[in-house]
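Bear in mind these aren't lab numbers, they're just calculated from the coordinates by the rules spelled out. Computed from a predicted structure; not experimentally measured. Cβ coordinates were reconstructed from backbone atoms using ideal geometry, including for glycine residues, and neighbour counts include every protein chain displayed.
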Amino acid sequence: MHTPRAGLLWGLLGVVLFSFTLPFTRVAVNGLSPLFIGAGRAVVAAALAAAALAIMRQHLPTRRQWGRLAVVAGGIVIGFPLLTSYALTQVPASHGAVVIAILPAATAVMAVIRGRERPPLPFWVFAALGAVVALVFASIQGEGIGHLGWPDLLLFGAVISAAIGYAEGGLLSRELGSWQTVSWALVLAAPLMIALAVVSIAVEPPHATPLEWSAFAYVAVVSMFLAFFAWYRGLAIGPMARVSQVQLIQPVLTIAWSAILLREQLTLATVLGGLAVIVCAALAVRVRLRRSL
């Protein structure tokens, strides 16, 4: 049913599935190269997507829609997986979760820009404050105030990539359908990702344990494919600003899974930094939500 509650429930399901992505990526990088994880997961998901599109006999997108699908693919198929895979070779999954906690606010900003809205000043203040808090946290955890390590730069790049892909994909889902949007994006990016996967195997042949392969399978089948069915379905039902608020619980879940599954130590800085970023993101999204209603 196309009701606000249905949109929130679909969005919540997608967020729960996404929340395991960073911990399982952290497991996979212990035995697989980050290039293989980032590219290989997209190749597996693209094969599933192509099969689903063929079985359901979906019509090809229009020329204009292909252009918009390229934006989605660049953000969620290429940018986010590759950048997070490389970043998590150096930082814990809980650290990545705190930085990526600004994603809901970033998605709202991209939706505002894409929709040419004029939100009130508090929206921009809270969105900027959340980014500053995330930057300070990353600096403190890294080389000190004012110094960001390359893993954090990769994580911020991943946030920007995902925000662009989420915003454009949410809008496009209203035209193509939720699972069709992510499926066509995966198929569009498949040639590049296949080439990168082949290069990664040639340079560093995979040597992983069954546990590491299982973690890779999750990020390939669930994080890269099935979770987007639910997430884009929720965004398509909308309203996008309201559904995007559900994403605020993702870093909390990710930090919890990191502690439970990976035995990562939760420092006071991680807890306080995560809460501060989540609060700023929540305020930014809520301000925009009130403006749009």
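Give me the distance between the Cα centres of segment 169-185 and segment 1-52, rounded to whole Å.
15 Å
Just subtract the alpha-carbon distance of Val252 and Leu272 from 0.36 nm times their residue separation and send over the number in nm, one decimal. Spell out each step's value before the answer.
Values: separation 20, 0.36 × 20 = 7.20 nm, distance 1.15 nm.
Answer, rounded to one decimal: 6.1 nm.
Report ³J(HN,Hα) in whole Hz for each residue of segment 24-36, in order, from the Karplus equation J = 6.51 cos²θ - 1.76 cosθ + 1.60 where θ = phi - 60°; Gly and Pro get x.
Ordered by residue, 3J(HN,Hα) equals 6, 5, 4, 5, 5, 5, 6, x, 10, 5, x, 5, 5 Hz.
Just to check I understand the Karplus step: with θ = phi - 60° and J = 6.51 cos²θ - 1.76 cosθ + 1.60, what whole-Hz values come out for segment 243-251, glycine and proline as x?
5, 4, 5, 4, 5, 5, 7, 4, x
Under 14 Å from the 7 Å Cα→Cβ point of Ala47, by amide nitrogen: which residues of segment 213-239?
Only 217-218, 220-222 pass the distance filter.
With θ taken as phi - 60° and the coefficients 6.51, -1.76 and 1.60, list the Karplus ³J(HN,Hα) couplings across segment 86-101 in order, rounded to whole Hz; mark glycine and proline as x.
Per residue, the Karplus-derived 3J(HN,Hα) values read 5, 5, 6, 6, 10, 10, x, 5, 5, 5, x, 5, 5, 5, 6, 4 Hz.
In segment 54-105, what trypsin sites (Lys or Arg not before Pro) fall in a loop by DSSP, with at most 13 other Cβ atoms inside 10 Å?
Passing both the DSSP loop test and the Cβ count: Arg57.
Mean projection of the alpha-carbon convex hull of segment 4-292 over all orientations, in nm²?
Details: hull surface 58.2 nm².
Dividing the Cα hull surface by four gives the mean projection, 14.5 nm².
If you average the sequence gap of Cα pairs under 8 Å that are 6 or more apart and divide by the length of segment 165-293, what percent do you get for the contact order? Could the numbers behind the result be given before it?
On the way: 61 pairs, mean separation 40.9, N = 129.
For segment 165-293, the relative contact order is 32 percent.
I need the calculated FRET efficiency for the pair Leu261 and His207, taking r as the beta carbon distance and R₀ as 22 Å, to the nearest 0.05.
Details: r = 22 Å, r/R0 = 1.00.
Plugging the Cβ-Cβ distance into 1/(1 + (r/R0)^6) gives 0.50.
Taking 0.36 nm per residue of sequence separation and subtracting the Cα-Cα distance, how much length would be gained by fully extending the chain between Arg116 and Val221, in nm to one decimal?
Details: separation 105, 0.36 × 105 = 37.80 nm, distance 3.45 nm.
So the extension gain works out to 34.4 nm.
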